[in-house]
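Please read the structure below before turning to the comments.
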Amino acid sequence: MSRASLEAETLLKLVLALVLLWIVIELLEAVVGVAAGVFGPVVGLLVLLVIVLWLFDRI
């Protein structure tokens, strides 16, 4: 199969699939970024709570 034997419709389908994959990756990156932004301070507070409890011999 040479490059010239590919039809235009096949190439368009390939480009469409790559664009859809790119959009899905961008959306996943946005969701993960929002989740990290929301849960980052919560994790920090949990670490702080564990340290305080450890200092007061509660754990």
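The values are calculated or read from the model by the stated rules, or taken from the named source; none is laboratory data. None of the values given here were measured: they were computed from a predicted structure. Ideal geometry is used to build each Cβ from the backbone, glycine not excepted, and the neighbour counts take in all protein chains shown.
Here VAL43 clears all of (1) under 18 Å from the mean Cα position of the chain (by Cα); (2) of a type in the set (Val, Ile, Thr); (3) modelled with pLDDT under 90 except the condition numbered (1). Scan the range 1-14 for residues that are among the aliphatic types (A, V, I, L, M), assigned to a helix (DSSP H, G or I) and loosely packed, with under 10 Cβ neighbours inside 10 Å and the total you get is 2.
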